[in-house]
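Quick notes on the structure that follows.
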Amino acid sequence: MPAKLIVRRKDAMACLLCALLLMSLTVAQSKASCPNYGFVGFSRYLPGCGGYERVTPGFKAGARVVPEAISSDGSQIVGTSIAVFAGAEGYGEFAETIYHSVWSSTGWKTSAISPPSQVYPAQEFLDFNPNLNKGLWAVRQASQAVAAEDLAVREPNGSFVKVGSMLPPSATEGPPAGGSQVFGDFSEVLYTGASSDLSHVFFQIRGEGPLWPYDTTLHNNGQLSLYEYVGTENRQPLLVGVDDGGRLISDCGTSLGSDISPGATTRIPITPSLRMAKRCISPRSAEMNVKPYMRRK
């Protein structure tokens, strides 16, 4: 073998070793200066040592997941999708599946967390706590009448516990709804908001909606009745906007002072501000005579 060829091969090996050494030094420096370097999706050209990670599984039955909530530390995401994957059941055309994605050192894991459809054929996702480990749903069991609509919380262990009914018993009579996925036509009954830990849940009934029997609100002009559940397994809700004797301060309607738009979801402090109409001869007079209150804890 010619001597020049041997020298050239030795030169090539030396260059290769130098290149490998420089690459290892660059990798070591990158890992030292950027803790995200070893994560899947890391890209050196992104500012702030940023990177992209795929949160949901590669297979999503041809549909996308729409993000609904993200935890404050970015390690958990809740999203909805019409697709069925990650252990989800098929819910038909009237309900989307709720998915919960959690990050760990091994990557993202996505699970379906909607209520079981065999137990709750009718269901609607309402809210989550800031940590995304506790959720609130409107549900109806197959044995209940089509008009029934209950509030239920999903506990961190995955179990669903009834909070209480949004409708009085007189409005939920009738034959079993069976597998129907549609709630009764009570558009006047609306979830309004909850405390951050979902221990206090507020809802309202407006217009000609069915009132609970102890509610004296006059509904001739579309006034609002505001109710509250505290904890779980309640038989009936509490009236909000009452005096020390439990009587309504105003029969002309009560709404949340932090949100005057009926039906808009609001994060509610345990001692919310309220708006109460003192006169309700007409819708305008009720609006013009609203007084603010602050409820004591």
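Counting only aspartates and glutamates at least 8 places from Lys109 when in the same chain, those with an alpha carbon closer than 18 Å to its own are Glu53, Glu68, Asp73, Glu89.
For Lys134, the residues whose amide H sits under 5 Å from its own are Asn129, ignoring neighbours fewer than 5 places away on the same chain, with H placed 1.01 Å from N. Applying both filters, DSSP loop and at most 14 other Cβ atoms within 10 Å, to the GluC sites (Glu not before Pro) of the range 73-179 gives Glu89, Glu173.
We did not get these values from a lab; they are worked out from the coordinates using the rules stated. As the structure is a prediction and not an experimental result, all values here were calculated from the model. Note: ideal-geometry Cβ built from the backbone for every residue, glycine included; neighbour counts use all protein chains shown.
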